[in-house]
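Please read the structure below before turning to the comments.
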Number of protein chains: 2
Amino acid sequence: MTTLDELGEFGLLAELERRGLAQGIEHDAALVEGLVVTQDALVEGVHFRFDLLNWRELGARAAAVNISDLAASGADPLALFVSLGVPGKTELADVLELYAGLNERGVPVRGGDTTRAGGVVLSVTALGRAERVPGRAGAKPGDAVVVTGPLGAAGAAFRAGTLPPVPDRIEEGKQLARVATAMLDISDGLARDAGHVAERSGVRLAIELEHVPLVPGAELDDVGFGEDYELLATTQDQLGFPVVGRVEEGEGVGLTLRGEPYRLASWDHFR
Amino acid sequence: MTTLDELGEFGLLAELERRGLAQGIEHDAALVEGLVVTQDALVEGVHFRFDLLNWRELGARAAAVNISDLAASGADPLALFVSLGVPGKTELADVLELYAGLNERGVPVRGGDTTRAGGVVLSVTALGRAERVPGRAGAKPGDAVVVTGPLGAAGAAFRAGTLPPVPDRIEEGKQLARVATAMLDISDGLARDAGHVAERSGVRLAIELEHVPLVPGAELDDVGFGEDYELLATTQDQLGFPVVGRVEEGEGVGLTLRGEPYRLASWDHFR
């Protein structure tokens with residue numbers, strides 16, 4: 001018998017898709033009748049700890065992470081839906097702070113569910129409207145690989161025991177969505193997210209790490225940590241965004257630092 | 001300081017709405033650009049226990065409960081989005097059973113998120129399309145109160161240590177949505193759900209319990225348990241559904257049994 005610990009999050013998702021039990025879970029965003037839908041769950045002790053962030057920051061982060069998925073689809077946010085599980089002894093004041101955080105980006109909470117649970121569990125579904133969703137399957141040899149901002153903030157912050165804000169890339173996402181052949185937000189780490197595009201598109205992404213912009217204080221390996229939530233797009237028209245690599249014939253992701261192969265750290269929720 | 005145990009689930013939702021931090025959470029379904037969106041969370045040890053149901057039944061139930069919310073909005077289901085938190089030692093075979101259950105009603109799982117968690121937590125968001133959503137605020141004095149089937153199954157099953165299937169009322173919901181002034185599914189118990197309509201509509205619902213159809217083996221108090229997932233609607237045109245009461249001027253819910261006042265049990269996730 002295989003456990004999820006052994007299989008990993010992406011292994012599970014692939015298995016569900018292969019059996020026709022779920023579609024597009026790993027795409028981050030699905031299009032239903034012209035609306036983009038994204039969903040993300042945050043579990044106390046797995047994705048966050050209250051010694052690192054407070055209730056308001058948790059709400060703000062949960063909203064921002066889902067809005068980032070909308071940005072990666074070139075969507076304008078319309079509404080959030082929030083499922084919240086909390087222990088019954090939780091203070092009302094804390095839950096009000098959580099919802100204040102959820103509202104910080106100005107996207108209204110239009111529904112959801114609240115319930116008792118052993119620890120805090122927060123699942124946010126975000127809806128947006130997009131003119132064109134690049135998806136992950138259209139990258140073509142010759143495209144440039146661009147990012148919308150410097151990486152490494154989350155990894156550097158993790159090493160320092162803090163948590164950086166999630167950038168708001170809705171406008172950048174809408175601009176890039178008009179021209180990009182593929183786009184996603186960098187949540188799993190640069191190499192792994194580039195790998196998602198490579199696999200779906202049937203191409204190779206050659207990333208030149210010396211061209212990857214880093215936030216102050218970040219080390220190169222921090223770009224493998226994930227949770228930076230900048231957008232990565234493949235496109236013929238770079239729109240002035242920093243170019244970090246090229247799409248080539250082949251498969252997988254090639255990481256080089258000044259011409260030499262380089263291997264970054266990566267992570268997985270189930271590992 | 002107030003805790004959620006003291007406030008109760010509905011107290012929390014009212015507080016969030018009053019402060020403008022969330023809209024319509026207690027409506028069960030929200031309308032976003034013509035799509036109906038519902039969300040429901042199931043927490044191990046709170047909403048289910050694996051000695052009462054297996055993984056497949058859990059998935060089937062989670063899907064059915066959300067599809068019931070769509071039925072209560074007169075909507076045709078389009079897609080489910082599933083956030084699943086499970087311990088890392090969970091067997092793949094069990095998770096595949098869960099998703100098989102989620103797919104049982106033929107509504108595709110179009111996305112979601114999976115993550116590690118201490119216990120099993122399942123949050124399902126359902127999207128549907130509706131021509132007309134009656135909502136809860138339109139009940140008018142003189143309307144009949146109808147239900148789409150016999151009640152008490154869940155309460156009777158709870159007493160017997162079993163779990164009844166959730167009825168599929170999509171077709172009935174679409175029929176009633178054309179004429180109903182208000183509609184919801186009976187998830188919190190007959191008296192409480194009737195109370196939601198009364199409060200939102202600014203009317204009184206007079207329920208004559210002797211006219212409430214009961215499933216075989218159910219006692220009258222079982223209709224207060226909730227989780228029957230039949231639809232309750234107020235309407236001038238009863239379409240052949242059983243009439244269990246009338247809408248009157250006033251407020252609240254009047255329960256009578258052969259003319260005498262009667263009080264039913266009720267329940268609350270936080271109490």
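Find the residue count for the range A:58-82, including only residues that are outside any strand (DSSP E or B), in contact with a strand residue (DSSP E or B) (Cβ under 6 Å, 6 or more places away or on another chain) and within 11 Å of chain B (Cβ to nearest Cβ).
Of the residues in that region, 3 qualify.
Name the residues in the range A:97-114 that are out of contact with any helix residue (DSSP H, G or I) (no Cβ under 7 Å at 6 or more places or on another chain) and either hydrophobic (A, V, I, L, M, F, W, C) or at negative phi (or both), would you? Quick ask: steps written out before the conclusion?
The first filter runs over the range A:97-114 and keeps only residues out of contact with any helix residue (DSSP H, G or I) (no Cβ under 7 Å at 6 or more places or on another chain), leaving A:103, A:106, A:108, A:110, A:113.
The answer is A:103, A:108, A:110, A:113.
Tell me, please, whether a residue that is within 30 Å of residue A:3 (Cβ to Cβ), among the aliphatic types (A, V, I, L, M) and either within 21 Å of the chain's Cα centre (by Cα) or surrounded by 17 or more Cβ atoms within 10 Å (Cβ to Cβ) (or both) can be found in the range A:234-256.
Yes, some residue in the range A:234-256 is within 30 Å of residue A:3 (Cβ to Cβ), among the aliphatic types (A, V, I, L, M) and either within 21 Å of the chain's Cα centre (by Cα) or surrounded by 17 or more Cβ atoms within 10 Å (Cβ to Cβ) (or both).
If residue B:23 satisfies every condition in (1) facing chain A (nearest Cβ under 7 Å); (2) more than 22 Å from residue A:96 (Cα to Cα); (3) free of Cβ contacts under 8 Å to residues at least 12 places away in the same chain but one, which is the exception?
Going through the list (1) facing chain A (nearest Cβ under 7 Å); (2) more than 22 Å from residue A:96 (Cα to Cα); (3) free of Cβ contacts under 8 Å to residues at least 12 places away in the same chain, residue B:23 breaks only (2).
Which count do you get for residues in the range B:44-57 that are touching a residue at least 24 places away in the same chain (Cβ under 8 Å), away from chain A (no Cβ under 11 Å) and acidic (Asp, Glu)?
1
Out of contact with any Leu (no Cβ under 6 Å at 6 or more places or on another chain), closer than 20 Å to residue A:74 by Cα and not small (Gly, Ala, Ser) - does that describe any residue in the range A:206-229?
So far as the range A:206-229 goes, yes, one or more of its residues are out of contact with any Leu (no Cβ under 6 Å at 6 or more places or on another chain), closer than 20 Å to residue A:74 by Cα and not small (Gly, Ala, Ser).
Do you know which residues across the range B:96-125 are part of a loop (DSSP other than H, G, I, E, B) and without any contact (Cβ under 8 Å) to a residue 24 or more places away in the chain? Before you say what the answer is, go through the steps one by one.
Filtering the range B:96-125 for residues part of a loop (DSSP other than H, G, I, E, B) gives B:103-108, B:117-120.
The answer is B:106, and nothing else.
Run down B:206, B:144, B:157, B:198 and say which single residue is out of contact with any helix residue (DSSP H, G or I) (no Cβ under 7 Å at 6 or more places or on another chain) and crowded, with 24+ Cβ neighbours inside 10 Å. I'd like the intermediate steps shown before the answer.
Values: B:206 fails: crowded, with 24+ Cβ neighbours inside 10 Å; B:144 fails: crowded, with 24+ Cβ neighbours inside 10 Å; B:157 fails: crowded, with 24+ Cβ neighbours inside 10 Å.
Testing whether each residue is out of contact with any helix residue (DSSP H, G or I) (no Cβ under 7 Å at 6 or more places or on another chain) and crowded, with 24+ Cβ neighbours inside 10 Å leaves just B:198.
Counting only residues that are in contact with an Asp or Glu (Cβ under 8 Å, 6 or more places away or on another chain) and more than 7 Å from chain A (Cβ to nearest Cβ), which one in the range B:83-135 is surrounded by the fewest Cβ atoms within 10 Å (Cβ to Cβ)?
Here the answer is B:105.
Please state which one of A:185, A:168 is in contact with a Ser or Thr (Cβ under 9 Å, 6 or more places away or on another chain), under 25 Å from residue A:43 (Cβ atoms), acidic (Asp, Glu) and buried (at least 24 other Cβ atoms within 10 Å of the Cβ). Break it down into steps so the answer makes sense when it comes.
On the way: A:168 fails: buried (at least 24 other Cβ atoms within 10 Å of the Cβ).
Selected residue: A:185, the only one of A:185, A:168 that is in contact with a Ser or Thr (Cβ under 9 Å, 6 or more places away or on another chain), under 25 Å from residue A:43 (Cβ atoms), acidic (Asp, Glu) and buried (at least 24 other Cβ atoms within 10 Å of the Cβ).
Kindly provide the set of residues from the range A:160-180 that are over 20 Å from residue A:212 (Cα atoms) and touching a Gly at 6+ places or on another chain (Cβ under 9 Å), ordered by number. So that I can check it myself, show each step before the final result.
Of the range A:160-180, the ones over 20 Å from residue A:212 (Cα atoms) are A:160-163, A:170-171, A:174-175, A:177-179.
The answer is A:160, A:170, A:174, A:175, A:177, A:178.
Filter the range A:35-54 for residues that are among the aromatic types (Phe, Trp, Tyr) and either within 13 Å of the chain's Cα centre (by Cα) or surrounded by fewer than 18 Cβ atoms within 10 Å (Cβ to Cβ) (or both) and give the result.
The initial filter retains those residues of the range A:35-54 that are among the aromatic types (Phe, Trp, Tyr), namely A:48, A:50.
Listed by number, the list holds a single entry, A:50.
Any chance the range B:77-94 includes a residue that's in contact (Cβ under 8 Å) with a residue 60 or more places away in the chain and over 22 Å from residue A:115 (Cβ atoms)? Please lay out each step first, then the result.
Of all residues in the range B:77-94, those in contact (Cβ under 8 Å) with a residue 60 or more places away in the chain come to B:77.
Narrowing further to those that are over 22 Å from residue A:115 (Cβ atoms): B:77.
Checking the range B:77-94: at least one residue is in contact (Cβ under 8 Å) with a residue 60 or more places away in the chain and over 22 Å from residue A:115 (Cβ atoms).
Taken together, the values in this text are just the output of simple stated rules run on the coordinates, not laboratory data. Keep in mind that this is a model prediction, so the values were computed, not measured. A quick note on method: Cβ atoms are made from the backbone with ideal geometry, for glycine too, and the neighbour counts reach across all protein chains shown.
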